[in-house]
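One structure is given below, encoded as C-alpha cells.
The values are calculated or read from the model by the stated rules, or taken from the named source; none is laboratory data. If you're wondering where the values come from, they're calculated on a predicted model, not measured in any experiment. FYI the Cβ positions are ideal-geometry reconstructions off the backbone, even for glycines, and counts take in every protein chain you see. Remember, those area values only see protein heavy atoms, side chains included, never the ligands or the DNA or RNA. Shrake-Rupley method; radii C 1.70, N 1.55, O 1.52, S 1.80 Å.
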Amino acid sequence: MQVSTGKSILNGIAIGPLRIYKKAETQTKQTSSLSPEEEWARFEEAKEKAQEQLAGLYDKALDEVGEDNAAIFEIHQMMLDDDDYLEAIKGIIDTQGATAEYATETTGENFSAAFAAMEDEYMRARATDVKDISRRVVNILTGQGDAAMQDDKPAILVADDLTPSETVQLDKSKLLGFITRYGSSNSHTAILARTMNIPALIGVDFDDSWDGQLAVLDGYNHCVYIDPAQELLTAMEEKRKADLKQESLLQGLKKKPNVTLDGREIKVYANIGNTSDVGLVLQNDAQGIGLFRSEFIYLESEDFPTEEQQFLIYKRVVETMAGKKVIIRTLDIGADKQAGYFDLAKEENPALGYRAIRICLTRKEIFKTQLRAILRASAFGTVSIMFPMIISLREVRDAKELLEECRAELKKQGIAFGEVEIGIMIETPAAVMIAEELAEEVQFFSLGTNDLTQYTLAIDRQNPKLDNFYDPHHPAVLRMIRHTVEAGHRHGCWVGICGELGADQKLTETFLRMGLDELSVSPAAILPLRKLIRSIDLSKAPET
Ligand code: PEP
Ligand code: MG
C-alpha cells in the first residue's frame, strides 16, 4: 500500500481504479505561409466557434451546478474578447508572421505566467482559465482534440490539472473522484468539484505506475491510498456507505423548508468554531450560522488577533454564506477556554469567574478591536452580533454603547459597515429571570443550554464525575427555556437555542410547541433534525 498526500477540496471518499489522463501535446506550426490578415481571419473564425462552445458549456453548467458556478463560462467568453489578449495575439501574428495557433498558444502561456505570479489569490487562479480558453481556440484551429478523459468504467481521474470546462464536461456517472498535481482550492475547478459533490485532492505527486491501480481517495484525511490494505478498504467502504446515506438524506431535503406537517416553520442553523467548518455548513444545507464561536480565533493565535486578521476571517465566512445569516458571538474566553497571552489569573471558581463579557467590558480595547472587525465584515453580508454570559441590563447597555462608539469611529474614518442585528445569549438563570427587560434591548435571544444547565443545576459541566447529575432535561431547565421564549416573544425578540440541547431529538417536538424560532446545531446534526421536523404534526396531541 502506498500513501500520497495532497489538499482536499471536498470531504468525501472515493474508491475505485485510478485513470491517468494526459493532455495531447499540441503540435503548432510557428511560421505561416499565409498573410497576417488571413491568419487573423482564421483566428477570428476560431474564436467565434470557441464562443459558441462556451455558450453551450454555460447552459450545461447552468443546468448542473447553478447560475453562480456557471458564471465562469461567461467569464471565459469575456476573457476571449479581452482587448489586451486579442492585441497580444494580433501582435505576434503581425510582427512574427506567425500562425494563429502559435500566436494564441504563446499568448495563453504568457498571460497565464503573468497571472500565476500575482499576489492576489483570485487572479492567480485565472492562470488556468486563460490557458483553458487559449487551448480551446488552438484545438479548433489545428483540428486536434484532447484524448478522451474517461472510458466506460467508473474511475478516479488523475491529471496534472483540470480546467473548469474539462471538469464540467466530465460524465459524473463514471467519475468517482479526481486527483490533480496542480490547482488551487479557490480555483473554479475546485468550486465546481465541491458543487458537484465530487471528492477531490489537489497538489498530489503521482507517476504513470498509478494507472489502473485500485485506490481510496480519502478527502477527510487529505490523502490517497494506492493498492489499499484489506482492513483499510473495508473501513473506507463503511465510511463511504455512511456518506451516501447522508447524501441521500440531503438530496431529499435540499432547499425544502423546515416545516412541520401542520405548517409550523423553524430555522435550522449551524454552530461553527472556525472558517474551515463553513464547508460543512454548506454541505449540510444549513439556513445560516447560528453560533460562530469567535474565541477559537483567539485560542488558535499566539497573540491578540488584530482587527485586520479578524476582519478577513469574518469576511470570508460572511461572503461564503452569501447573504445567509451569520451570528458572531463575541469573545467568550475564560473558564475552560484559556489563551496564555490574556494573562488571566488562576481562579478558585473559573466557571463563575472572570470570563466572556466580563473580560470584554473591562478590557475594552480588546473588545472594540473585535467589534470593529465584525462591523466591517457586516458590509459583505448578513451579520448578527451576540454577547455571551449576560447577567444584567447594564452589561447589555455597556456592550451596545461600545458598539456604537465603534460605528462612530468607522463612520468618521469612512470605513463601510452594514446593519447588524444584536442579540444576547441566555445562559445564566439571572438572564432568564430578567428576560422581559433584556428583550427590550435586543432583537434576539439564543439559549446557551450548556451553560444554562450548568448554572441552573449548580453542576460544573467540565467535571466528568458529575455526568450523571448533569441533566439538561431537568424540568427547571425546560421551564427556563419556556419562560425565555415567552418573554422574548412578548417583546418582539426571536428566540433560538445554540447549546447542545438544540440537537436533542427527544426534545424537538417540545421545542416546537414552546414556539422556538431557531435551533442552531453542529453541522452533522442538521439533516437528521430537519428530517424529524418535517415529520412532526403539532395539530395532534403530544405523546405523554
Ligand atoms: C452554551 O453555553 O450553551 C453555548 C452554546 O456556549 P458554549 O458551549 O460555547 O459555552
Ligand atoms: Mg456558553
Can you spot a residue in region 34-41 that is open to solvent by less than 20 Å² (accessible area, probe 1.4 Å), in contact with a strand residue (DSSP E or B) (Cβ under 9 Å, 6 or more places away or on another chain) and assigned to a loop (DSSP other than H, G, I, E, B)?
no
Just one of the numbered conditions (1) closer than 19 Å to SER35 by Cα; (2) open to solvent by 60 Å² or more (accessible area, probe 1.4 Å) is not true of MET78; which one?
(1)
Of the numbered conditions (1) outside any helix (DSSP H, G or I); (2) within 16 Å of ligand 2 (Cβ to nearest atom); (3) open to solvent by 10 Å² or more (accessible area, probe 1.4 Å), GLU421 fails exactly one; give the number of that condition.
(2)
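Would it be correct to say that ILE156 is modelled with pLDDT of 85 or more and open to solvent by less than 30 Å² (accessible area, probe 1.4 Å)? Steps first, please.
On the way: modelled with pLDDT of 85 or more: yes; open to solvent by less than 30 Å² (accessible area, probe 1.4 Å): yes.
Criteria met by ILE156.
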State all residues of region 448-503 that are farther than 18 Å from ILE391 by Cα, within 12 Å of ligand 1 (Cβ to nearest atom) and among the charged types (D, E, K, R); if no residue qualifies, say none.
ARG461, GLU500
Checking PHE380 against (1) modelled with pLDDT of 95 or more; (2) in contact with a helix residue (DSSP H, G or I) (Cβ under 8 Å, 6 or more places away or on another chain); (3) away from ligand 1 (no atom under 16 Å from the Cβ): exactly one of these is not met. Which one?
(1)
Tell me whether region 314-326 contains one or more residues that are within 16 Å of ligand 1 (Cβ to nearest atom) and either under 25 Å from GLY499 (Cβ atoms) or open to solvent by 70 Å² or more (accessible area, probe 1.4 Å) (or both).
yes
For a quick check of your reading of the model, give me the residue pairs whose first member lies in region 498-516 and is at positive phi and more than 13 Å from ligand 2 (Cβ to nearest atom), whose second is open to solvent by 60 Å² or more (accessible area, probe 1.4 Å) and assigned to a helix (DSSP H, G or I), with beta-carbon atoms closer than 9 Å and at least 6 apart or on different chains.
GLY515/ARG482; GLY515/GLU486; GLY515/HIS489
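Of the residues LEU375, LEU403, which is touching a Lys or Arg at 6+ places or on another chain (Cβ under 7 Å), more than 15 Å from ligand 2 (Cβ to nearest atom) and of a type outside the set (Gly, Ala, Ser)? Reasoning before the result, please.
Details: LEU403 fails: touching a Lys or Arg at 6+ places or on another chain (Cβ under 7 Å).
Sole residue among the options that is touching a Lys or Arg at 6+ places or on another chain (Cβ under 7 Å), more than 15 Å from ligand 2 (Cβ to nearest atom) and of a type outside the set (Gly, Ala, Ser): LEU375.
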Would you say TYR354 is assigned to a helix (DSSP H, G or I), farther than 20 Å from LEU410 by Cβ and more than 13 Å from ligand 2 (Cβ to nearest atom)?
no
Wholly enclosed strands (runs of 3 or more DSSP E) of region 167-263 bearing at least 1 residues out of contact with any Cys (no Cβ under 6 Å at 6 or more places or on another chain), open to solvent by 20 Å² or more (accessible area, probe 1.4 Å) and under 30 Å from TYR122 (Cβ atoms)
175-180
Taking region 290-320 and keeping only residues that are touching a Lys or Arg at 6+ places or on another chain (Cβ under 7 Å), touching a residue at least 60 places away in the same chain (Cβ under 8 Å) and closer than 26 Å to ASN450 by Cα, one is left with LEU291, SER294
I want to confirm something. Restricting to region 269-312 and keeping residues that are within 12 Å of the chain's Cα centre (by Cα) and of a type in the set (A, V, I, L, M, F, W, C), which single residue is farthest from THR382 (Cα to Cα)?
LEU280
Within region 332-350, considering residues that are open to solvent by 30 Å² or more (accessible area, probe 1.4 Å) and under 20 Å from ASP451 (Cα atoms), the one farthest from the chain's Cα centre (by Cα):
GLU348
When you scan region 459-479, how many residues do you find that are at pLDDT 95 or above, open to solvent by 30 Å² or more (accessible area, probe 1.4 Å) and either touching a strand residue (DSSP E or B) at 6+ places or on another chain (Cβ under 7 Å) or within 16 Å of ligand 2 (Cβ to nearest atom) (or both)?
0
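Taking the conditions exactly as written (within 16 Å of ligand 1 (Cβ to nearest atom) and open to solvent by 30 Å² or more (accessible area, probe 1.4 Å)), does ILE415 satisfy them or not? So that I can check it myself, show each step before the final result.
Details: within 16 Å of ligand 1 (Cβ to nearest atom): no; open to solvent by 30 Å² or more (accessible area, probe 1.4 Å): yes.
Spelling it out, it is not the case that ILE415 is within 16 Å of ligand 1 (Cβ to nearest atom) and open to solvent by 30 Å² or more (accessible area, probe 1.4 Å).
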Could you grab the pairs with beta carbons closer than 6 Å, sequence gap of 6+ or different chains, first residue in region 439-452 and farther than 16 Å from ARG394 by Cα and open to solvent by less than 10 Å² (accessible area, probe 1.4 Å), second one near ligand 1 (Cβ under 8 Å from one of its atoms) and not aliphatic (A, V, I, L, M)?
SER446/CYS498; GLY448/GLU427; GLY448/GLY499; THR449/GLY499; ASP451/GLU427; LEU452/GLU427
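Would you check if LYS346 is among the basic types (Lys, Arg), at pLDDT below 95 and within 16 Å of ligand 2 (Cβ to nearest atom)? Steps first, answer last, please.
Working: among the basic types (Lys, Arg): yes; at pLDDT below 95: yes; within 16 Å of ligand 2 (Cβ to nearest atom): no.
For LYS346, the condition - among the basic types (Lys, Arg), at pLDDT below 95 and within 16 Å of ligand 2 (Cβ to nearest atom) - is not met.
Out of HIS491, HIS483, I need the residue that is at pLDDT 95 or above and farther than 30 Å from LYS368 by Cα. Which one?
Values: HIS491 fails: farther than 30 Å from LYS368 by Cα.
It is HIS483.
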Just to check your reading of the model, which residue among LYS7, LYS49, LYS60 is touching a strand residue (DSSP E or B) at 6+ places or on another chain (Cβ under 9 Å) and either at negative phi or open to solvent by 40 Å² or more (accessible area, probe 1.4 Å) (or both)?
LYS7
Which of (1) buried (at least 16 other Cβ atoms within 10 Å of the Cβ); (2) part of a loop (DSSP other than H, G, I, E, B) does GLY488 not meet, given it meets every other one?
(2)
Across region 267-302, the tally of residues that are outside any loop (DSSP other than H, G, I, E, B), in contact with a Ser or Thr (Cβ under 7 Å, 6 or more places away or on another chain) and buried (at least 23 other Cβ atoms within 10 Å of the Cβ) stands at 5
